[in-house]
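To start, the structure under review is shown below, and the notes come after it.
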Amino acid sequence: MKIFCVGRNYVAHANELGNAVPQQPIIFMKPSTALTTDKQPFFIPKWTENLHYEAELVLKVKKNGKAIHPDFYRDYFDEVCLGIDFTARDIQTRCKEKSHPWELAKAFDQSALISEMIPFDTFLAEGGRFSLERNDQVVQQGHINLMIFNIQDILVFISQYFTLQMGDLIFTGTPAGVGQVLSGDILKGRLNNQHVFSCRVK
Ligand code: ZN
């Protein structure tokens, strides 16, 4: 099982970190050991001073695919969930300055939190919105229509380079409002009005 992530897929988020809006999707990966759920607490790693949440819509791949034709992209997923791409922003900034890879900042244990899956059609029919609350304050709000590269673009692009396999997950990028996570926080996620996870931060 592989976890793909799309970087800078919302204009307002690219702007808030001072990054240019990309011309093609920015793709990175996390190992399967990064996966976690809200069934266990999230532990902030000791080696970061600035851990950030990034709430993202996540697709679950339902069949294997290589070089997916744009007309058939919809055959490759049925379910979505809300995830958090936990990011050690201090480490990432250092990696970017040195033009080093991002894995230490993005791919560590527990860095990919996911909620339960819901049908994609239900998610769309109910509005296509998602949000994250930190200690009962809404900090991020996203809408599927605000992605720079939509789901079709993402599936077509990734599958030119990698064989997608059943069960792979794709984090589709975070909207504006990323920020620091502190010990004691409760992070709550919603898809439209449906509460889908509640994560305790230690
Ligand atoms: Zn992200």
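The values are calculated or read from the model by the stated rules, or taken from the named source; none is laboratory data. Predicted model only: the values in this text are computed from it and were never measured. In this analysis, Cβ positions are derived from the backbone assuming ideal geometry, glycine residues included, and neighbour counts consider all displayed protein chains. Keep in mind that these areas ignore ligands, DNA and RNA; they rest on the heavy atoms of the full protein, side chains included. Shrake-Rupley method; radii C 1.70, N 1.55, O 1.52, S 1.80 Å.
If you go through the stretch 50-69 and keep only what is open to solvent by less than 40 Å² (accessible area, probe 1.4 Å) and either of a type in the set (F, W, Y) or within 27 Å of K188 (Cβ to Cβ) (or both), you end up with L51, H52, Y53, E54, A55, E56, L57, V58, L59, V61.
Pull up the stretch 70-111, narrow it to residues that are among the basic types (K, R) and surrounded by fewer than 15 Cβ atoms within 10 Å (Cβ to Cβ), then point me to the one that is farthest from S198 (Cα to Cα).
It comes out as K98.
Could we say that I114 is out of contact with any helix residue (DSSP H, G or I) (no Cβ under 6 Å at 6 or more places or on another chain), of a type in the set (V, I, T) and surrounded by 20 or more Cβ atoms within 10 Å (Cβ to Cβ) here? When the stated conditions are applied, I114 passes them.
Among the residues of the stretch 120-149, the ones that are open to solvent by less than 70 Å² (accessible area, probe 1.4 Å) and on the phi < 0 side of the Ramachandran plot come to 16 in all. Residues in the stretch 150-179 that are open to solvent by less than 30 Å² (accessible area, probe 1.4 Å), assigned to a loop (DSSP other than H, G, I, E, B) and either at negative phi or away from the ligand (no atom under 13 Å from the Cβ) (or both): G167, D168, T172, T174, P175, V178.
Looking only at the stretch 180-200, which residues are part of a strand (DSSP E or B) and open to solvent by 10 Å² or more (accessible area, probe 1.4 Å)? Across the stretch 180-200, the qualifying residues are Q180, I186, K188, R190, Q194, H195, V196, S198, R200.
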